[in-house]
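**Q** First the structure, then my questions, so here it is.
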Amino acid sequence: MTSKNQSQANYLGPFLTMVFLFLIVGFLTTANGQFQGPLKAALLSETGNLKNTLATLITFSWFLAYPVCGSLGSKWIVNYGYKGTLIRGLLVMITGLLLFFLSAKLSMFFVFLLGSFVAGASATILQVVINPYLTACSVKGTQAVQRLAIGGTANSVGTTTAPYFVSGIVFGGLALEDIQACQLMIPFLMLAAIVLLIVIVLLHLSLPDIEETHNKVGDKLEKSVWSFPHLVYGVVSIFFYVGCEVCIGTNINLYVTEDFGMQISTVTLMATLYWGGLLVGRLFGSTLCSIHPRTQLTFATMMASLLVVFAMIINNPWILVTVGLFHSIMWGAIFTLSVAQLGKYTSAASGVFMIGVVGGAILPLIQGFLADWMGNWRWSWSIVLFGELVMLLYARVGSRVHQTAE
């Protein structure tokens with residue numbers, strides 16, 4: 001139920017703030033993954049048969065932060081509110097970017113992994129705020145799944161521009177064999193300065209709290225957030241969604257350079273087209289006000305499954321690029337279905353939901369291991385097919401609400 005205070009609040013400004021922060025999260029998440037190929041060439045050339053596995057640890061470290069820090073974000077919301085949590089999360093982001101700078105200065109791969117974890121922790125905390133806020137804030141003429149789709153569109157703008165930031169700005173279009181880790185130093189200092197500027201601006205912005213979406217300090221929730229089956233199955237589903245999204249978005253770089261010998265310019269184009277497909281799909285998804293999220297998720301997972309099968313059969317990475325179009329609406333649909341009718345449990349559910357994002361760490365790492373073991377990447381994409389089928393099962397069965405917050 002919407003309170004009187006909430007109905008009187010103007011959420012357009014806060015809504016746009018959340019959309020912008022979603023862009024930042026998408027940009028940094030994808031930029032982090034795009035460093036797999038360059039750092040593999042610059043720092044892992046002497047690691048033999050484990051170079052793919054070690055390279056995927058960059059993505060693993062980022063997404064490992066989600067199950068570790070998701071509950072922390074929920075606790076911060078209770079103690080500091082949404083605005084206070086956002087500010088603290090951005091300060092964590094600055095720390096991660098400075099660790100990236102340090103890793104470049106010292107040419108130490110494992111310091112970069114630590115930076116990936118810390119920056120991933122920030123992305124986790126920010127999303128624990130962004131997702132329930134976009135779902136609950138009342139903006140005239142929109143529904144929750146549309147607002148998440150609009151936020152996802154901004155996220156995709158960030159993910160689409162990130163590959164060119166890495167290849168064009170950080171590494172200046174150099175060939176892989178000419179890349180050096182020290183080229184990371186200035187770009188990451190600049191990013192840290194930009195995030196600090198965002199913190200300063202955010203301190204002066206009005207960001208009304210939405211109390212109906214979380215409990216207050218000292219209050220106890222009567223039920224465990226794990227007692228809602230549609231949320232639990234949603235966590236499993238988002239595990240596979242993020243895993244599948246990241247497998248294609250980051251590991252396709254390793255796939256095409258190792259199995260096909262493509263140059264970094266082509267690699268960048270493929271990554272951009274994949275994330276651009278998510279952008280186009282989310283722009284379209286933001287207009288789907290009359291189609292139920294369950295129906296959207298069913299159609300998207302079926303189409304993605306068929307494309308992955310086709311890509312493996314003919315061994316064509318360009319087919320995998322088109323999967324991004326159907327991945328576009330999955331996050332918003334799964335989140336909306338997972339928190340349906342949860343009321344004051346919504347922010348706690350958002351923290352739990354972030355646990356599932358660890359799929360972005362585990363599935364790409366498993367795929368990298370499979371590629372090393374099999375000697376190529378072609379059939380390793382079956383792990384993505386399995387994930388698509390799990391999400392299809394959630395759409396048809398697991399997302400049904402059997403227990404509400406009332």
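The values are calculated or read from the model by the stated rules, or taken from the named source; none is laboratory data. Fair warning: this is a prediction, and the values are worked out from it, not measured in the lab. Glycine also receives a Cβ, built like all others from the backbone with ideal geometry; neighbour counts cover every protein chain displayed. Quick note on the areas: whole protein, heavy atoms, side chains included, nothing else; ligands and nucleic acids left out. Shrake-Rupley method; radii C 1.70, N 1.55, O 1.52, S 1.80 Å.
**Q** If you count only protein heavy atoms and use a 1.4 Å probe, how large is the accessible surface of His204, to the nearest 10 Å²?
**A** 150
**Q** For Ile169 paired with Leu12, estimate the spin-label separation in nm (one decimal), with each label point 7 Å from Cα along the Cα-to-Cβ line.
**A** Result: 3.0 nm between the two label points.
**Q** Okay, next question. Could you sort 245-252, 24-31 so that the peptide with the highest average Cβ count within 10 Å comes first and the rest follow in order?
**A** Top of the packing list down: 245-252, 24-31.
**Q** Mind giving me the FRET efficiency for Arg294 and Ser206? R0 is 35 Å, r the Cβ-Cβ distance, nearest 0.05 is fine.
**A** So the FRET efficiency works out to roughly 0.50.
**Q** Among Phe369, Met18, Ile58, which residue has its Cα furthest toward the positive end of the charge dipole of the chain, with +1 on Lys/Arg Cβ and -1 on Asp/Glu Cβ?
**A** Met18
**Q** Which distance in nm do the two modelled labels at Gln341 and Ser224 give, with both placed 7 Å along the Cα-to-Cβ direction?
**A** 2.1
**Q** Would you work out the charge dipole size for the chain about its Cα centre, treating the Cβ of every Lys and Arg as +1 and the Cβ of every Asp and Glu as -1, and quote it to the nearest 20 debye?
**A** That gives the chain a dipole magnitude of about 840 debye.
**Q** Mind checking the full-extension length gain between Ile313 and Ile186? Use 0.36 nm per residue of separation minus the Cα-Cα distance, one decimal, nm.
**A** Taking Ile313 through Ile186 to full extension adds about 41.4 nm, to one decimal.
**Q** So how far apart, in nm, are the two label points at Val401 and Phe110 if each is 7 Å from Cα heading toward Cβ?
**A** Taking the two extended label points, one gets 4.9 nm.
**Q** In addition: Give me the mean projected area, in nm² to one decimal, of the convex hull enclosing the Cα positions of the chain.
**A** The Cα convex hull of the chain, projected and averaged over all directions, gives 17.9 nm².
**Q** Helix-only estimate, please: 222 nm mean residue ellipticity of the chain, summing -39500 (n - 2.57) across DSSP H runs of length 4 or more and dividing by its residues, to the nearest 500.
**A** Computed ellipticity for the chain at 222 nm equals -24000 deg cm²/dmol.
**Q** Could you pull out every whole DSSP H run in the chain that spans at least 24 Å of Cα extent along its own axis and averages 0.5 or higher on the Kyte-Doolittle scale?
**A** Long hydrophobic helices here: 12-34, 57-106, 109-136, 185-203, 229-259, 264-285, 293-314.
**Q** I would also like to ask the following. What lysines does Lys223 reach when the alpha-carbon gap must be under 24 Å and sequence neighbours fewer than 8 apart in one chain are set aside?
**A** Lys75, Lys344
**Q** Okay, next question. Not counting ligands, DNA or RNA, and with a 1.4 Å probe, what is Arg396's accessible surface area in Å² rounded to the nearest 10?
**A** Approximately 110 Å² of Arg396 is accessible to the 1.4 Å probe.
**Q** Show me 254-263, 359-368 ranked by packing, highest mean number of other Cβ atoms within 10 Å first.
**A** Ranked by mean Cβ neighbours within 10 Å, highest first: 359-368, 254-263.
**Q** Counting pairs of alpha carbon atoms under 8 Å apart in space and at least six apart in sequence, what relative contact order in percent does the chain give?
**A** The value is 27 percent.
**Q** Could you do me a favour and compute the accessible area per residue for the chain, 1.4 Å probe, result in Å²?
**A** About 39 Å² of surface per residue is accessible.
**Q** Could you work out the relative contact order of region 279-406, using alpha carbon pairs under 8 angstrom and six or more residues apart, expressed as a whole percent?
**A** In percent, rounded to a whole number, it is 38.
**Q** State the percentage of accessible surface on the chain attributable to carbon and sulfur atoms; use a 1.4 Å probe and exclude ligands, DNA and RNA.
**A** Here it works out to 68 percent.
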